[in-house]
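Please read the structure below before turning to the comments.
The values are calculated or read from the model by the stated rules, or taken from the named source; none is laboratory data. Source: prediction; values computed, not measured. Note that we place each Cβ from the backbone using ideal geometry, even for glycine, and neighbour counts take in every protein chain shown.
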């Protein structure tokens, strides 16, 4: 490949011009972009070879990250394209060849309004302590929603905010708050070390890009218990599954204590799905669990299977049921009933709401 940086630069320009969210580069395939949730092969571009993809990955990755590819077979980093655009990049090995998945990070954070998020989220930006989680499968806009929450705090409160990310995604301009963004493997060896360090940094708000292990979750819960507002994400489908996943990360002899800690520190869990919009683009459907005395009791007693019922019957308290949210999008003419039905938590409940 004559100039790997020029080639990838042209491909990234295409992603931006087409309103795409992702670029995939694989040996033996044309480049592929994702637009409004659908994969589109760029058939006018050449089929890439293993030499091509490795050259592109080496041209994009910081030297110290690229060196880890031989031992870890997968690396994460951020990549700046011109002065306005950044991409989150995962490079990984498939049958001996380098493969790249790149996610466009919008150059500015969004508001709740233009992301079509519920106004009730404003309540959580005013919290001074507690544990708030944004959950959902990969590619459902969790990072964007979390960035909107952080930026709302930044606009309205004079706080010290520390973000711990792998890699750093949205770059925040300091407004009312002091913001320090730390990148795992660059500014700290791992999430847990960065979290432990935050206890000595006079921090008010901690954003953990992703909770991947028991140690990180334990530190995050402790931070939420000791006067910090902690925001993080998990790859789970709903509130009940999120609580079970957290508890299950701990050995049986510790799970009772973790239930007590979580019942006391949890502020809420926001689950979202991006649904194709009739007029183009994507719009979120969502579930919101707000921790109240009833929810806290269910967590302590291990009755998480009952949490969905509490959400369905607590809309007057601000809780939002995913199936009700999907039905409302259909009634407003935003999405088709077919797309909503595909994402329903319980198809029978969804049909009742319709």
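The set of residues in the stretch 263-297 being in a helix (DSSP H, G or I), within 21 Å of residue 219 (Cβ to Cβ) and in contact with a strand residue (DSSP E or B) (Cβ under 9 Å, 6 or more places away or on another chain) consists of 265 alone. Within the stretch 307-322, restricting attention to residues that are more than 21 Å from the chain's Cα centre (by Cα) and touching a residue at least 12 places away in the same chain (Cβ under 8 Å), the residue that is nearest to residue 145 (Cα to Cα) is 318. Only a single criterion out of (1) buried (at least 16 other Cβ atoms within 10 Å of the Cβ); (2) assigned to a helix (DSSP H, G or I) is not satisfied by residue 260, namely (1).
Count of the stretch 205-237 residues, restricted to those that are on the phi < 0 side of the Ramachandran plot and either surrounded by fewer than 19 Cβ atoms within 10 Å (Cβ to Cβ) or not assigned by TED's automatic domain parsing to the domain that holds residue 167 (or both), is 10. Here 291, 297 are screened, and the one residue that is surrounded by fewer than 15 Cβ atoms within 10 Å (Cβ to Cβ), at pLDDT 95 or above and within 28 Å of residue 315 (Cα to Cα) is 297.
From the list 123, 40, the one residue that fits, being surrounded by fewer than 19 Cβ atoms within 10 Å (Cβ to Cβ), over 22 Å from residue 165 (Cα atoms) and within 22 Å of the chain's Cα centre (by Cα), is 123.
The residue that is surrounded by the fewest Cβ atoms within 10 Å (Cβ to Cβ), counting only those in the stretch 338-349 that are under 26 Å from the mean Cα position of the chain (by Cα) and over 23 Å from residue 268 (Cα atoms), is 338. Residue count for the stretch 27-85 under the criterion of being in contact with a helix residue (DSSP H, G or I) (Cβ under 9 Å, 6 or more places away or on another chain), closer than 30 Å to residue 279 by Cβ and assigned to a strand (DSSP E or B): the result is 5. Among the residues of the stretch 312-334, the ones that are outside any helix (DSSP H, G or I) and within 19 Å of residue 136 (Cα to Cα) come to 3 in all. Those residues that are in a helix (DSSP H, G or I) and over 19 Å from the mean Cα position of the chain (by Cα), I need them from the stretch 195-213; list them, please. 196, 197, 198, listed by residue number. Taking residue 327 as the residue in question, decide whether it is without any contact (Cβ under 8 Å) to a residue 40 or more places away in the chain and surrounded by fewer than 19 Cβ atoms within 10 Å (Cβ to Cβ). No.
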